[in-house]
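In what follows, a structure is listed as structure tokens, so that the remarks can point back to it.
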Amino acid sequence: MDRLPAATSLATALLALERSHATGVLHVRGVPGEARLAIIDGTPRALEGAVAQGGSLGDRLARSGGLDVRAHAEALQAGPPPGPVGRWLVESGSARPEAVAHALREQLRERVRALFRWDSVEYRFAAGAPDVGVPVVPDAVRAADLVLSAMRDALAQEPLLGLRRFLGDGLLVLTPLGEALLEHAALWPDEAAMVPTLRAGAAVDALLSIARGSPRALRLLAALRYLRAAASPGATSDTYTLLLRKTRELRRAADAGTLLELDEHADGAAARRSLRRFAGALHPDRFGPEVPTALRNASSEVVGALARAAERIARSA
């Protein structure tokens, strides 16, 4: 995961520029070189620098079936393109405008994603004219889509076990940044299935269960966690760890003594003391009104189960 900090930093910069609708040039420096990314109204429109092209525009159109090979060959016989290749392809009848526009967008997406594979990235944004010396893509390429795609690429080769360890066993909830990131994102069905529950807040295991253990969903959660688009809710980590443990014990139908962490000889007084201790830490009021509804519901369920457990021990003592 050596490159992930650099990828996360660049993703954060692009998302910030999109939210502020900035216009200018994002200067990126890293290994293997430098690049300049034209930003118009917060969206990337052109990239110049030490990034592989991923094939020429003509090659890309040929692979997609959008190039008239005969017209292209005839145009080349008259000489090389006198200006921007995309405009020349349209004017020569080699490709339709919409096919060129689509190919340009895909080429820009691929080149921006390549930036996320750089090491030791530093960046600087200069507001003003978005001129980087190459023609801009006419249509907006949303930074949020680029970021999600690039983070998927960055995590694609990471071992799933390592990503699962990174996520931990705590609770995650979508942050305001996450809401903005996923608002119009193109998600796979297994990814999209988690979003309503993630918006309310849930344990990592519960989210992955909703996605049926999908590796793709696991990588999306890891990407959101790296970007701070999903984070632990605001209470102390110890409190949430305790709530998670008690929730799991309930799901496993633990007995009253296990729930209250008492030995088999405990009496009613000991059960009531244990109940007061746990209720003081896990009562819904302990979490505050800003905590997601799902967490408050889990808290209510656990405290209710603890109260019933204390009552059972008191009756049997």
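Numbers below:
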read-out	value
Pairs where the first residue, in region 198-212, is more than 15 Å from Arg225 (Cα to Cα) and the second is surrounded by fewer than 22 Cβ atoms within 10 Å (Cβ to Cβ) and modelled with pLDDT under 85, C-beta under 7 Å, 6+ apart	Ala200/Pro292; Ala200/Thr293; Ala200/Ala294
Considering residues of region 133-176 that are among the hydrophobic types (A, V, I, L, M, F, W, C), closer than 26 Å to Thr247 by Cβ and not in a helix (DSSP H, G or I) only, the residue farthest from the chain's Cα centre (by Cα)	Leu171
Criterion: at pLDDT 85 or above, crowded, with 18+ Cβ neighbours inside 10 Å and part of a loop (DSSP other than H, G, I, E, B) - qualifying residue of Ala253, Ala222, Ala266	Ala266
Exclusive hit being surrounded by fewer than 16 Cβ atoms within 10 Å (Cβ to Cβ), over 30 Å from Gly162 (Cα atoms) and free of Cβ contacts under 8 Å to residues at least 24 places away in the same chain, set Gly33, Gly65	Gly65
Residue in region 1-16 that is farthest from the chain's Cα centre (by Cα), counting only those that are crowded, with 21+ Cβ neighbours inside 10 Å and either at pLDDT 90 or above or more than 26 Å from Pro84 (Cβ to Cβ) (or both)	Ala6
Some residue of region 36-58 being farther than 19 Å from Gln107 by Cα and either in contact with a strand residue (DSSP E or B) (Cβ under 7 Å, 6 or more places away or on another chain) or loosely packed, with under 13 Cβ neighbours inside 10 Å (or both)	no
Residue check for Gly288: surrounded by fewer than 17 Cβ atoms within 10 Å (Cβ to Cβ) and at pLDDT below 85	yes
Top-ranked residue of region 177-198 - restricted to ones that are of a type outside the set (A, V, I, L, M) and assigned to a loop (DSSP other than H, G, I, E, B), ranked as surrounded by the most Cβ atoms within 10 Å (Cβ to Cβ)	Trp188
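The values are calculated or read from the model by the stated rules, or taken from the named source; none is laboratory data. All of these numbers come straight from a predicted model, not from anything done at the bench. Ideal geometry is used to build each Cβ from the backbone, glycine not excepted, and the neighbour counts take in all protein chains shown.
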